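Down below is the structure, laid out as structure tokens.
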Amino acid sequence: MRMNVKALLWPAVVLATTVHAADPAPVAVEDFTRPPEFRSVRFSPDGNRFAAIVERKGRFVLTVVDPKTQKGQSFAADRGLDIDAFRWLSNDVIDVDSIRLGVRAFDLDPRDFETSFLSVDGKSRFRPLNGGRVLYRVPGSESDVIVETLNSFNSVDLAVFDTLNNERKRVLIDNPPGPRIRRWVLDDKLVPRAGVGYNSGSHKREIWMRDSGAEPWVKALAFDPRTERGYVPVAVDGQGELLVLSNQKTGRDALYRLDRTTKQPGELLVGHDGFDIDRSDLVYAEGSSAPVGVVIDAEKREIYWFDPQRAARQRAVDAALPAGRVNTLTTLRDGKVLVYSYSDTEPGTYYFYDPQARTLSEWISTRPWIRPAQMSKMEVLRYRASDGQAMFGYFTRPVNAPAGPVPLLVWVHGGPSGRDYWGFDPEVQFFASRGYAVFQPNFRGSTGMGDDFETAGFRQWGLRMQDDVTDGVRALVDQGRVDPKRVCIGGGSYGGYAALMGVIRDPDLYRCAIDEAGPTDLIAFVESPVPDYNRRTATYADAEMEDSLRRRIGDVRDATERRRLEETSPRRLATKIKVPVLLMYGTDDWRVPLDHGTAMRDSLQSAGARFEWKSYAGEGHGVWDRQNRNDRFKRLERFLAENLGTASADR
């Protein structure tokens, strides 16, 4: 992939404290649809430059800046793609992931997902062969990286490459001990100590390990993650011991040190009573392959440091900034600490902390046009479902709402494998700015809260998962916090499906429904060869993905299951809908094809129901074009004002 480059001047705000103007008029729609001025700020290994993703003329590009001169370069991907993520591999080479935002027809082209490597100074010609993927930079080296490539055994090989001359300097592993090993764990000497493979015959995940490079490989564990609990190696600590994530004891993944003798999780390092730890939650210091901390996305984000010095810095920064914020720390080579701070009302600000001088200075704000005082607080809402299951979600009450019950929008997350998080959410803040409280439930089937909680949602589309949403609304009504006569339900993808099922199952609870790109016929959704959700278009693991759909949604081959899916498909139940519905779909959606929307529209029309239809040309599974996003927000504003009887429709 080519990277186009042009020179630019970084805005002078970079090294200045953000100055806010006087209180503006009510927040405009465009202020919520406008992307951050920059995101994912990361400094080069030597700390002399930083890179960030910024928007330029409707596309997301990568900007690399020298803070001393405030000059830099902007790099854009070719074929109209957007920069999605990046990381520094050396002081010159950046690993860049590009993608077209949304899910569109040409997203199925593998080239759209290829990683590219740009040389900021034009010194490197690094291009790993055979689609190789870089794991990380070799600790202590300025230019060497570890590259993995897929071999003829359908496993991953590892080698060290020099990014300056693209030379393969040494092979780390090329003879895997087991089948389809796609993930390796190395120690600080670059010795492979563990591998995670998959046996297609037994359908089991296999864990291979050894105590040193001189020891033979041992298959320590084999388990089926769909039905059995186990553990997965993720790192080697500073003492040379394997660290694993295991859900064997509680059903929730926690970080343990592996016992060399028993080959089972030993000492618990970090765990949470209610939430999982993911491999991506481990925090690493620059130039080290041993984790130094763990971030846990619990009800609010929590940060744990293994190093007392880092823990002390965290306490100092937390004490210096307003209470309630989440502050993430990255130590730079010169000893300074880059702090990214955000909250439910603060979209994100970067600071520099000097541990020696014990000073904290504001650097840049990601959305300087947003005034936190105008935003609404997001609180954790805990409640019990009708069967006694403990539940939680988030409740945002409009900041300037009058005392007493307020109108409510129930906003259901997609997936359903996924969850809502605490923090600044432009969409939620938009709804709150228009006078509506927002309830975001993490119903059964949501991820990150243990395997039991997730699997409890399997084959419960429109059933128990729907009850969890309704039970949260009833809890808010019982507490006197929301007006029971002014409640609307909406969401995108699975959330759109849940909105339709909500007004079908509880017609007296909701006054309207918003379906954005929701599947409306579960039988068609499971059987269709089109959606990329079931990966029918992939050249591998088709049977496994199909089996996953049957486990999670339903098996259409079974007569009883098929009947249940018919009874929980909104398209087939349109005559039960008695309230207005807003339908919004992308014409090029490959995840939930447009047919789901048009079929629902036609069924509502045949049933004589009230509905509004909008299709966005060229959009996929979500609305990304700026003009379309503005139109979407304004449609939502009008629809809610018309049906909940509050806020202005022409603000």
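Local charge for residue 219 was computed over the other residues whose Cβ lies under 13 Å away, with Lys and Arg +1 and Asp and Glu -1, and equals +3. Bridges between two residues of the stretch 376-644, per DSSP, are antiparallel at a rate of about 35%. Compute the helix-to-body angle for 464-478: its Cα long axis versus the longest principal axis of the chain, expressed 0 to 90° and rounded to tens. It is inclined by approximately 70 degrees.
Put a plus charge on the Cβ of each Lys and Arg, a minus charge on the Cβ of each Asp and Glu, and nothing anywhere else: the dipole of the stretch 376-644 about its Cα centre is then about 820 debye.
Candidates 287, 28, 48 compared by Cα position along the dipole of the chain: farthest toward the positive end lies 28, with charges placed on Cβ. For the stretch 176-306, rounded, prolate or oblate, judged on the Cα gyration tensor with a ≥ b ≥ c (square roots of eigenvalues), a/c < 1.5 rounded, else prolate if a/b > b/c? Note, shape of the stretch 176-306 comes out oblate. Placing unit charges on the Cβ atoms only, positive for Lys and Arg and negative for Asp and Glu, gives the chain a dipole magnitude near 600 debye about its Cα centre.
Would you work out which of 608, 418, 590 lies farthest towards the positive end of the dipole of the stretch 376-644, given +1 charges on the beta-carbon of Lys and Arg and -1 on that of Asp and Glu, about the Cα centre? Working it through, the farthest residue towards the positive pole turns out to be 608. The alpha-carbon of residue 219 sits under 12 angstrom from the alpha-carbons of these aspartates and glutamates, leaving out residues fewer than 8 places away in its chain: 206. Once you reduce the stretch 124-203 and the stretch 429-469 to the center of their Cα atoms, the two points are 39 Å from each other. With 19 Å as the limit on Cα-Cα distance, the pairs of 123/189; 71/336; 169/189 that go past it are 123/189; 71/336. Whole angstrom only: what separates the Cα centroid of the stretch 44-61 from the Cα centroid of the stretch 316-379? Measuring centre to centre over Cα atoms gives 19 Å.
Within the shell defined by Cβ-Cβ distances under 12 Å, the residues around residue 466 carry a net charge of -1, with Lys and Arg each +1 and Asp and Glu each -1.
Mean sequence separation of contacting Cα pairs (under 8 Å, at least six apart), scaled by the length of the chain, corresponds to a relative contact order of 9 percent. Taking other residues whose beta carbon is less than 12 angstrom from the beta carbon of residue 149, and scoring Lys, Arg as +1 and Asp, Glu as -1, yields 0. Towards the positive end of the charge dipole of the chain, with charges on Cβ (+1 Lys, Arg; -1 Asp, Glu), say which of 522, 199, 510 has the farthest Cα. Most positive-ward Cα: 510.
Which angle between 0 and 90 degrees, to the nearest 10, do you get for helix 542-552 versus the longest principal axis of the chain when only C-alpha atoms count? That helix lies at roughly 50 degrees to the long axis. Overall, the stretch 429-483 carries a charge dipole of about 200 debye about its Cα centre when +1 sits on the Cβ of Lys and Arg and -1 on the Cβ of Asp and Glu, all other atoms neutral.
Throughout, read-outs are computed from the coordinates displayed, never taken from laboratory work. Remember, it's a predicted structure, so these values are computed and weren't measured experimentally. Backbone-built Cβ (ideal geometry, glycine too); neighbour counts: all protein chains shown.
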